[in-house]
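The values are calculated or read from the model by the stated rules, or taken from the named source; none is laboratory data. Predicted, not measured: the structure shown is a model, and the values here were computed from it. We place every Cβ from the backbone using ideal geometry, glycine too, and count neighbours over all the protein chains shown.
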Amino acid sequence: MTSRRGFIKAGGLALFGIGLGGIPGFLTDAVAGTTTPGLFKRKKILVCIFQRGAMDGLMAVTPFTDQYLKAARPTLFMSAAQGGKNKPLIDLDGKFGLHPAMSAFEPMFREKRMAIVHGIGSPNNTRSHFDAQDFMESGTPFKKGTESGWLNRAVGLLGHDAATTPFQGVSLTSSLPRSFYGDHPAVAIRNLADFNIQLRGNQAGATMAAKSFEDLYDQTSSGLLKNTGKESFDAIKMLQKIDSKSYTPENNVVYPNTALGNSLKQIAQLIKMDVGMEVAFAESGGWDTHFNQGTENGIFARNVNDLSSCIMAFWNDMARYQDDVTVMTMTEFGRTVAQNGTGGTDHGRASCNFILGNDVNGGLVHGTVNPLSKENLEDGRDLAVTTDFRSVFSEVADRHLGIHNDKILFPDWNGKQIGVMKG
């Protein structure tokens, strides 16, 4: 049974978990006398973006000198050659070309603040979206029953009292993602304007939400509220005052009016409010390009344009915070090397991801992509996984967040990091 003190100390994990009508009146009264300035010391923040549906890494960052790829994609292959009728790839290093719809990323790559990892994926060869996402988010690619997600474990390894704020781990999604399942504080907020927080999958939050607020706070002294739950109540008061519609980004930034753009805009708001957030999560959908994938135009081009434009809007909005923020993308697997008969690509194995930050070993395409001849393909059809996703995720968590316990963060993994971060 959760004690009143335990409930309050666990930080307002369940403070928005009951009902859809906002914050209960008695809680509003409880926080009415608190003050809000300077709640939390600024900390490092990791922002993860999951590209659901499996991004074609070979189109996002193309090994354009590979003649096997050109032959395998007669209508989908894109060139870096200048002067043609189509927009060329952005030549990054003489070997890899960035899709022209991702031109927003080019300055960051040139400034060595963006790194790309190619050939990244899971050691589990499933091509099921559900299973592959589950394995990547749990961080245990061969254990389907793992209860916690790797980002929830990261929250628990941050080395300080996580209960001081309910917003240490925040997902801007309608429900809690698998990455945040577990015992440590994490919340999902669909929209800051309505405080509709979902706790499904978070054991600690679900347990607390099952209790009525009246039962838990009945007979609680004002001193206990003041001394034990102050930080959480202060954070609630901050969110109560927010007017998300009137938020003005810095540097005249205009976020794309898309799901990802709106999520990243709200993450920026929370960062600037100093509510103690250290790990944030957002999603990007529509990457399952079986049909009419397109090249410089089409479904894929629209998706990568949105991804890069949203991330760069967020990054430019974070001008004063860029030393403290790192952004990392992920996708469950890649696409087949050869195009299919409907102008698309099917479920494959390895893909690529993007890491943006001032502590990133940027300006490089990390990882290994061997010539795409049939003997080098996984199962004779796919870009081989040459970098385990855990080697990248662990390095970003270690170097940026200061987490140094890979045995807990990624159980059963004993691999090496690849140098994607500085230091």
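If you go through the range 266-276 and keep only what is part of a loop (DSSP other than H, G, I, E, B) and surrounded by fewer than 22 Cβ atoms within 10 Å (Cβ to Cβ), you end up with Met273, Asp274.
Taking Glu106 as the residue in question, decide whether it is of a type in the set (D, E, K, R) and assigned to a helix (DSSP H, G or I). When the stated conditions are applied, Glu106 passes them. Contact map, the range 263-277: residues that are under 13 Å from Ile49 (Cβ atoms) and modelled with pLDDT of 95 or more paired with residues that are of a type in the set (Phe, Trp, Tyr) and assigned to a helix (DSSP H, G or I), Cβ distance under 8 Å, separation 6+ or inter-chain. Pairs shown: Leu264/Phe314; Ile267/Phe314. Considering the range 150-167 alone, what residues qualify as being in a loop (DSSP other than H, G, I, E, B) and in contact (Cβ under 8 Å) with a residue 40 or more places away in the chain? Of everything in the range 150-167, those that are in a loop (DSSP other than H, G, I, E, B) and in contact (Cβ under 8 Å) with a residue 40 or more places away in the chain turn out to be Leu157, Leu158, Gly159, Thr165, Pro166, Phe167. In this structure, Met55 does satisfy being modelled with pLDDT of 95 or more and assigned to a loop (DSSP other than H, G, I, E, B).
For the range 278-292, name all the residues that are surrounded by fewer than 23 Cβ atoms within 10 Å (Cβ to Cβ) and either within 15 Å of the chain's Cα centre (by Cα) or at positive phi (or both).
Across the range 278-292, the qualifying residues are Glu278, Glu283, Gly285, Gly286, Asn292.
Within the range 337-359, residues that are assigned by TED's automatic domain parsing to the domain that holds Asn376 sit with their Cβ atoms under 6 Å from residues that are of a type in the set (Asp, Glu), at 6+ positions apart or across chains, in these pairs: Asn340/Asp346; Thr345/Asp56; Gly348/Asp382; Arg349/Glu378; Arg349/Asp382; Asn358/Asp323. Applying the condition of being of a type outside the set (D, E, K, R) and under 20 Å from Val360 (Cα atoms) to the range 75-96 and asking which residue is surrounded by the fewest Cβ atoms within 10 Å (Cβ to Cβ) yields Leu92. Number of residues in the range 386-409 that are within 17 Å of the chain's Cα centre (by Cα) and among the acidic types (Asp, Glu) equals 2.
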